[in-house]
Amino acid sequence: MMNYIEIHPDVKKALAQHQPVVALESTIITHGMPYPENVKMAKKVESIIRNEGAIPATIAIIHGVIKIGLTDDEIEYLAQAKDVIKVSKRDFGYVLSQKRDGATTVSGTMLAANMAGIKIFATGGIGGVHREGQITFDISRDLEELSEINVAVICAGAKAILDLKLTLEYLETKGVEVLGYQTKELPAFYTKDSGLELDYLMKDAKDIAALMHAKWNIGLKGGVLIANPIPEEYSMNRKDIEKMIEKALQEAKEKGIYGKETTPFLLAKIKDLTEGQSLDANLELVYSNALIASKIAVEYEKYKTSKKEDI
Ligand code: PSU
Ligand code: MN
């Protein structure tokens, strides 16, 4: 495994010393946001995590090597590189053996974080069951990795380009707990609300850390999904965004977009349709998620030390 994975010295040190570490994905950099906002986002997210006393580990594949933690130069490179492959589980073998550049999705990042022993991961939005997923079978690999990998993912819910109700049903079937961070409603990325109720409201990072320990300590396998609503002041109007989403979905259908192209296509379309307003919201919610993830990472390590556990 050694030749294929490289852990940044800061991350390696933090892991060895049981310091909190927060993983970050890279598809959001290469396929989720335009340049140069993507670089600004990637660097600011890292500084937010450092300010909270945790170490960031942005994960990507560069020239066939899985990097756990990127240098600033590597972030710059990736943000502008052409032909970066969007990497979920099925893409690793190809990208590594062909020495290509790859941006890990939520699912790809969970796999890589787990290889390095990182338990907490902050992102923007996860993939899910697409609208009409019962016909197209378009269900994100993110949901499978959430059911299999012991990593906690902090997100702002999922975009309403998906069928959020089906996504929750799927997560339930797969045994993934979906926790609301100080809310009982599933947030829908650009908006705080979706109309869908969650089972559990978690009041703080400490309670979430305790839940993670409880689940994994008894040997249950799988992720924990923490849904942190977009800060109120950046939350967009649900009806407005729904109109844009419908337009984007229609266009995707007309153009015959499918497979791994669907999500990046819809994200770019929505950004154009909202004339950049959605990009601002997107940036803010990622920052907010990074902050909460750092707090959870700090509490998780504290808990581990106090219980002398080694999970
Ligand atoms: N949703 C967003 N922004 C993103 C993504 C999803 O609002 O950048 C990215 C994430 O990397 C996620 C991936 O894991 O898209 C899901 O792609 P797919 O639907 O093809 O599984
Ligand atoms: Mn898909």
From MET115, MET110, MET33, grab the single residue that is modelled with pLDDT under 95 and either closer than 28 Å to VAL298 by Cβ or buried (at least 21 other Cβ atoms within 10 Å of the Cβ) (or both).
MET33
List pairs: first residue in the stretch 279-298 and buried (at least 24 other Cβ atoms within 10 Å of the Cβ), second residue aromatic (Phe, Trp, Tyr) and assigned to a helix (DSSP H, G or I) anywhere in the structure, Cβ distance under 8 angstrom, at least six positions apart or on different chains.
LEU285/TYR234
Select from the stretch 148-166 the residues that are surrounded by 21 or more Cβ atoms within 10 Å (Cβ to Cβ) and not in a loop (DSSP other than H, G, I, E, B) and list them in ascending order.
ALA152, VAL153, ILE154, CYS155, GLY157, LEU162, LEU164
Which one of these is open to solvent by 20 Å² or more (accessible area, probe 1.4 Å), on the phi < 0 side of the Ramachandran plot and either at pLDDT 95 or above or within 16 Å of ligand 1 (Cβ to nearest atom) (or both): SER26, SER47?
SER47
The stretch 81-103 - residue that is within 16 Å of ligand 1 (Cβ to nearest atom) and of a type in the set (Lys, Arg) and, of those, least open to solvent (accessible area, probe 1.4 Å):
LYS86
Meets criteria (within 12 Å of ligand 2 (Cβ to nearest atom) and not in a helix (DSSP H, G or I)) for LYS86
yes
Please list, ordered by first then second residue, the pairs with beta carbon atoms under 8 Å, 6 or more apart or interchain, first in the stretch 5-21 and farther than 17 Å from GLU52 by Cβ, second of a type in the set (Ser, Thr, Tyr).
HIS8/THR71
Given (1) crowded, with 18+ Cβ neighbours inside 10 Å; (2) under 26 Å from LYS239 (Cβ atoms); (3) more than 15 Å from ligand 2 (Cβ to nearest atom); (4) acidic (Asp, Glu), index of the condition GLU169 fails
(1)
Within the stretch 206-219, can one find any residue that is open to solvent by less than 10 Å² (accessible area, probe 1.4 Å), within 16 Å of ligand 1 (Cβ to nearest atom) and not in a loop (DSSP other than H, G, I, E, B)?
no
Qualifying residue in the stretch 263-275 (condition: closer than 30 Å to ILE120 by Cα, open to solvent by 80 Å² or more (accessible area, probe 1.4 Å) and either within 11 Å of ligand 1 (Cβ to nearest atom) or among the small types (Gly, Ala, Ser) (or both)):
no
Could you check ALA122 against (1) within 8 Å of ligand 1 (Cβ to nearest atom); (2) farther than 17 Å from GLU261 by Cβ and say which number it fails?
(1)
Please work out which residue is farthest from ligand 2 (Cβ to nearest atom), limiting yourself to the stretch 118-147 and to residues that are assigned to a helix (DSSP H, G or I), open to solvent by less than 20 Å² (accessible area, probe 1.4 Å) and among the hydrophobic types (A, V, I, L, M, F, W, C).
LEU146
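The values are calculated or read from the model by the stated rules, or taken from the named source; none is laboratory data. Since this is a predicted model, take the numbers as computed values, not measurements. FYI the Cβ positions are ideal-geometry reconstructions off the backbone, even for glycines, and counts take in every protein chain you see. Only protein heavy atoms, including side chains, enter the accessible area calculation; ligands, DNA and RNA are left aside. Shrake-Rupley method; radii C 1.70, N 1.55, O 1.52, S 1.80 Å.
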